[in-house]
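Before any comments, here is the structure.
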Amino acid sequence: MKNPLKNISEADRLRALRYAKVGTGVAYSLIRYALLISIGFLIIYPLLYMIVTSIMSTTAFNNSTRVWIPTEIGMKDNFSKAIEALGFVKSFLNTIKLEVVSALLEVVTCAVIGYGFARFDFKGKKIFTGILFLTILVPDMMVLIPRMVNYSNLDFMFIGKGIESLVAWIGGLFGAEWIINITPNIVNTGWTLWLPSLFGVGLRSGVLIYIYIQFFSGLPRELEEAAWVDGAGPFKTFLKIAVPSSSVVFITVLVFSLIWHWNDSLLSGMYLTSDLPLASGLNTVVPYMVQKWGIYFTANTPQGASIVMAACLLFITPMLIFYMFIQRGFIESIDRVGITG
Amino acid sequence: MSKSKLKKARGIEELKSRYGFFFVLPWIIGLIMFFFIPIIQSIIYSFCSVVVTSDGVKTTWVGLENYKEILKVDPKYTTWLTESITSFAYSLPIILVLSLILAIMLNQNFRGRVFFRALYFLPVIIATGKVMSYVFTTTDENLVEMGVSAGMASGMIKVEDLTSALNMGTEVATFISNAINNIFNLVWSCGIQIVLFLAGLQSIPSTLYEASKVEGATKWEEFWFITFPMLSRITLLVGIFTMVELFINERAPMIEQVYGKMRGGQYDIPSAMIWFYFIAACAIMGILILLFYKFILKRYEA
């Protein structure tokens, strides 16, 4: 077959190629926007749903002719009920006290541990790195119950018993009855969350340590070596040289740790029976509603939807505000941390 | 202080190794107290009958009874297990492919990139199991009302429709209908994966793409010969993260059930349940990682 393009001049051919290129470019960007917007809709949809539902009254929610715009506003009622059901002020303060403190502790200890892994060669480092990955794989569920049992009499098999008998012995020395009778029990106190965080085995600490290791390994060694030569100790080097140049990784880890802690209700729901944080409070909103006002929230009887959505909104708002503030920095820092290795 | 110690130690390396141990020491203590000991206890509980009394727990050895109970007597356990594994089977590939595509798109230069990036990272911030399950308690019915097309509404696409209309095999139809019915969950699980893939894409040197452009490679070839091979390591990382997440997140069917039982104060049977589940999950993850290593990583790293 004859080549149909044979008689076309070189200039025309180039122009045609350019048009084709522009055409595919336009088509490609159209497809990109279509995909990004449609999947973006799936992300924004639950948020919109939450906002819209939370501001409408129950009658408006049950009105089948309504699509998005509520026919009747019942915002004040919904939110006041949601605040009551959540015990918002108290739970919020509890969340700060328990989860945020625990997250901050975790960020600090994991930094120290990650630095140790990244910068020093010590005996058994390979084995410990392997164990670190194992801790990431093991679900919290497996250690939840034994930890709970141990917390309830501070009995880490033999260590806790040792402490107890030591305390009893000291009490015996002074002849003080009350010291002998101390049976340490930290269930239902903040220590159940703080202690693991303090030792770098808290909520997903393994992942955080891994991020720190990746970052510190990529940090140039020269400055630290210079500090070593000048006689600064390792902790001083860490604090004065490594930490100031690591704001990027601290932001990343802080964000992850805070979010995971904020959203976690497994651990706090297990160890704490009173003074619950927001995430656990959210679980009890529905039973509270049923008991107090007789409002149900199931697939078939969704009357309580407005209140529940208001509660959800109250729960996520602090994190949303936090995200808005750090968003730019967070996205940049993710690029620069070098998690990819 | 360190100068005098420098002289005492045999070499700076040995000194450093000693210090390194100090840095890691809190973690090792924590590991023993909050990880190893509880894990051993958990194994023991799974082979015992556990009774909670006022002064601690009483355990009596029952051997494999708990495991027999969950696997042979209780019909629900095996249902949860298959449920977990099927949901894992369709979630993993979809999450990986979807987040890779989204990351590639978000990595390009276009108008509104900052907005879309911020939007797609939202699930990282608010992907709480409870919030999502509350939203979907009522939306299943309301999706259609709220103006979403009928096909997209969860639960609207039935396996039978697919098999009859498109002449598909039942397995494929089940896979597709599961995927569509869970589209919200799946998209909402992509947050961190997109972040990680984006970081990976940023680390690919741009000179590679420039060179390929000079050679006249198409976008398609660019993806398969540069992007994909360069991302193989991060894909493994994201894959492992996703698998762990799918198996242990609080909305996984098995985790939900076991947690309910544990909060109810039953310690022995749930321990056995979670151990069997963990071993099964590890086996599946191990096989997948090995396959990935053998067929993808090895090929590109060689």
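The values are calculated or read from the model by the stated rules, or taken from the named source; none is laboratory data. Worth saying up front: this structure is predicted, and the values here are computed from it rather than measured. Virtual Cβ from ideal backbone geometry, glycine too; neighbours counted across all protein chains shown. Calculation scope for accessible area: heavy atoms of the full protein, side chains included, ligands and nucleic acids excluded. Shrake-Rupley method; radii C 1.70, N 1.55, O 1.52, S 1.80 Å.
A few remarks follow.
- Span-like helix check, chain A: qualifying full DSSP H segments, with Cα axial length of 30 Å or more and mean Kyte-Doolittle of 0.0 or more, are A:10-55, A:305-337.
- Summarised in one figure, the compactness ratio Rg/Rh of the stretch B:218-272, Cα atoms and Kirkwood Rh, is 1.38.
- Heavy-atom accessible surface of the stretch A:87-283: percent carbon and sulfur, 1.4 Å: 71
- Order of exposure, largest accessible area first, which applies to A:Thr317, B:Thr86 with probe 1.4 Å: B:Thr86, A:Thr317
- Comparing Cα centroids, the stretch B:21-57 and the stretch B:245-283 end up 17 angstrom apart.
- Members of A:Lys125/A:Lys236; A:Lys97/A:Lys125; A:Lys126/B:Lys261; B:Lys58/B:Lys261; A:Lys90/B:Lys130; A:Lys126/B:Lys16 lying beyond 27 Å, as alpha-carbon distances in this model show: A:Lys97/A:Lys125; A:Lys126/B:Lys261
- Cα-centred dipole magnitude for chain A, charges only on beta-carbon of K, R (+1) and D, E (-1), debye, nearest 20: 1380
- Per residue, the stretch A:87-283 exposes 41 Å² of accessible surface when a 1.4 Å probe is rolled over the protein heavy atoms with every protein chain present.
- The residues of the stretch B:244-262 occluded by other protein chains by 10 Å² or more of accessible area, set against the chain on its own, are B:Val244, B:Glu245, B:Ile248, B:Glu250, B:Ile255, B:Tyr259, B:Met262; surface from heavy atoms, 1.4 Å probe.
- Estimated at 0.36 nm per residue, the fully extended path between B:Lys76 and B:Ala283 surpasses their Cα-Cα distance by 72.4 nm.
- Compared with the alpha-carbon gap, the fully stretched path from A:Lys126 to A:Tyr28 is longer by 30.6 nm at 0.36 nm per residue.
- When +1 charges are put on Lys and Arg Cβ atoms and -1 charges on Asp and Glu Cβ atoms, the dipole computed for the stretch A:87-283 relative to its Cα centre reaches about 240 debye.
- Computed FRET value (nearest 0.05) for B:Ser133 with A:Asn185, which takes r as the C-beta separation and R₀ as 30 Å: 0.35
- Per-residue shielding of B:116-123, expressed as the average number of other chain Cβ atoms within 10 Å of the residue Cβ, stands at 6.
- GNM result for chain A, Cα springs below 10 Å: residue of A:Val26, A:Val100, A:Val255 fluctuating most strongly: A:Val26
- Chain B packed on chain A takes about 9600 Å² of accessible surface away from a 1.4 Å probe, both sides summed.
- 10 Å Cβ neighbours from other chains, averaged over peptide B:14-22: 6
- Shielding by partners, peptide A:248-256 (average Cβ within 10 angstrom, other chains): 1
- Residue-averaged 222 nm ellipticity for chain A, from DSSP H runs of 4+ at -39500 (n - 2.57), nearest 500: -22500 deg cm²/dmol
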